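Student: Got a structure for you, written out below as structure tokens; questions coming shortly.
Bear in mind that the values in this text are calculations on the coordinates, not laboratory data. All values derive from a computational prediction rather than experimental measurement. Please note: Cβ atoms are built from the backbone with ideal geometry, for glycine as well, and neighbour counts cover all protein chains shown.
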Amino acid sequence: MPLTLHVDAARWREHVRGYVEQSATAAGKVVVVPVTKGNGYGFGNSVLAAESQALDVPTLAVGTYGEVADVAMAFAGDVLVLSPWRPWNDDVLGDERVVHTVSRVDDLRELAAAAGESRPRVVVEVRTSIRRHGILPAELPEAVAALTGVRFEGFAVHLPLAGDHLSEARELAAAAFDALPGDDGRHLWVSHLEPTAAAALAAELSADVRLRVATALWLGERSALRPRATVLDAHRVRRGETYGYRQRRARRDGTLLVIDGGTAHGIALEAPTPATTIRQRAVALAKGGLESTGRALSPFRLAGRQRWFAEPPHMQCSMIWLPGDVEPPAVGTEVDLDVRLTTTTFDRISWDS
Ligand SMILES: *Cc1c(COP(=O)(O)O)cnc(C)c1O
């Protein structure tokens, strides 16, 4: 079996559905907008599109215009594109199901002009302390005046992960709604709020809140997800013998294990760690950072421990060093691996029950 994401389907779906339903009942004005993008959080975008369809949510968000096609077949509702529209995205207009994010006043005017009569559906992003995209509060009146050529679907705020940013969301949203001429359009698209905080915000602002969420939804029940890989070969190696592309010399007797999963799957391709404390950094290093000696701990777990790469991973498989005193697993055995699900591409998903 290739690199496989084993999913305890019943438990995972119970968590996902529970998250959506809990948010909906919190105050009646919070709607979960599942997000899928990139590697589809280990599942793939089309799989999460089908799961979103089963959840019966009105909107699914994707990262880029290129990802709309990944989800458009399996998901029948609206598709929000999170990357802001730019004037060079002139080939993405005319799809009634697509909701565009606009983050500059000029783009709002250009989008309306490029779309002509079709009046595209638009969410206006307001800049938060992340400072990634978004118009400034001072530009709100100008932005609201430019809404005539589009169908306005609300304001968006993308909040930082660190700290409690409920008050930031509240202030930005209140300023944005104040700029609107009437009571219509009080829709707020937010990320990184707890469902209860989102419900409180909805009540305070007399708005409805669309809670964009991926990690807490898809990866929130991590114990229901088990990445596993198959042992393809096991070769006894004596001290002094050479192996691998680099022809390294074995320092002791041991076993070379060849296991499914290489750089093509994202194995050992670590994104920079978000760790900020020394302890977190030490943990990150121990979990797969490059050692100063050039050795690297692999994500593969054998006989209860993460094992060293024998050499850097190959494209589709990895060579792992197992010390001579550890009984090697039989070819065909599946072994566990500790990987980040946002950087790993699996060959298949196994829906276990
Ligand atoms: C990716 C993304 C999300 C989802 O983020 P998670 O932290 O995975 O829940 C929400 N909003 C925006 C704008 C995003 O880019």
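Student: Compare R236, R104, R11 in a GNM of the chain, Cα atoms joined below 10 Å, and give the one with the largest fluctuation.
Tutor: Ranking R236, R104, R11 by mean-square fluctuation puts R236 first.
Student: Could you pull out every residue, at least 5 positions away or on a different chain, whose amide H is within less than 5 Å of the one on V31? Hs are placed 1.01 Å off N in the peptide plane, and Pro or chain starts have none.
Tutor: Here the answer is V209, R210, L211, since their amide H atoms fall under 5 Å of that of V31.
Student: On to the next question. Can you give the calculated 222 nm mean residue ellipticity of the chain, where each DSSP H run of n ≥ 4 adds -39,500 (n - 2.57) and the sum is split over every residue, rounded to the nearest 500 deg cm²/dmol?
Tutor: Numbers: 9 runs with 90 residues, N = 353.
Helix-only estimate at 222 nm: -7500 deg cm²/dmol.
Student: Okay, moving on. Taking the Cα centre of the range 1-105 as origin, work out the dipole magnitude from +1 charges on Lys and Arg Cβ and -1 charges on Asp and Glu Cβ, in debye rounded to 20.
Tutor: Dipole about the Cα centre, nearest 20: 320 debye.
Student: What translational diffusion coefficient, to the nearest whole µm²/s, does the chain have by Stokes-Einstein, given a Kirkwood radius computed over alpha-carbon pairs, a temperature of 37 °C and 0.692 mPa s viscosity?
Tutor: 145 µm²/s
Student: Could you go through the range 152-169 in sequence order and give the Karplus-derived ³J(HN,Hα) for each residue, using 6.51 cos²θ - 1.76 cosθ + 1.60 with θ = phi - 60°, rounded to whole Hz, and x for Gly and Pro?
Tutor: 7, 10, x, 9, 10, 10, 10, 8, x, 7, 7, x, 9, 10, 4, 5, 5, 4
Student: What distance in nm separates the simple spin-label points at D95 and S167, each placed 7 Å from Cα in the Cβ direction?
Tutor: Output for this residue pair reads 4.1 nm.
Student: Separate question: Taking a ≥ b ≥ c as the square roots of the eigenvalues of the Cα gyration tensor of the range 1-59, is the shape rounded (a/c under 1.5), prolate (a/b larger than b/c) or oblate?
Tutor: Judged from the Cα gyration tensor, the range 1-59 comes out prolate (a/c at least 1.5, a/b above b/c).
Student: What longest region of the chain stays clear of chymotrypsin sites (Phe, Trp or Tyr not before Pro) that DSSP places outside H, G, I, E and B and that have at most 10 other Cβ atoms within 10 Å?
Tutor: Working: sites that count: W88, Y245.
Result for the longest clean stretch: 89-244.
Student: Just going by the charge dipole of the range 2-121, with Lys and Arg at +1 and Asp and Glu at -1 on Cβ, which of G42, T59, V20 is farthest out on the positive end?
Tutor: Of the listed residues, the answer is V20.
Student: Among S318, S103, S83, which one moves the most in a GNM of the chain with springs linking Cα atoms closer than 10 Å?
Tutor: The residue with the greatest mean-square fluctuation here is S83.
Student: Oh, and also: I need to check one value: relative contact order of the range 188-258, counting alpha carbon pairs closer than 8 Å and at least 6 residues apart, in percent.
Tutor: Normalised by residue count, the contact order of the range 188-258 is 23 percent.
Student: Further question on the same structure: Give, rounded to the nearest 20 debye, the magnitude of the charge dipole that the range 89-168 has about its Cα centre when Lys and Arg contribute +1 at Cβ and Asp and Glu contribute -1 at Cβ.
Tutor: Dipole about the Cα centre, nearest 20: 140 debye.
Student: Separate question: Taking the Cα centre of the chain as origin, sum charge times position over the Cβ atoms of Lys and Arg (+1) and Asp and Glu (-1), and report the length of that vector in debye to the nearest 20.
Tutor: 1800 debye
Student: Additional query: Picking from P299, W321, G254, whose Cα lies most toward the positive end of the charge dipole for the chain (charges on Cβ: Lys, Arg +1; Asp, Glu -1)?
Tutor: Checking the options against the dipole of the chain, the answer is G254.
Student: Give the relative contact order (percent, whole number) for the range 129-247; include only Cα pairs under 8 Å separated by 6+ residues.
Tutor: That works out to 21 percent.
Student: Just to confirm my numbers, what's the Cα centroid distance between the range 321-348 and the range 38-95 in Å?
Tutor: For the range 321-348 versus the range 38-95, the Cα centre distance is 32 Å.
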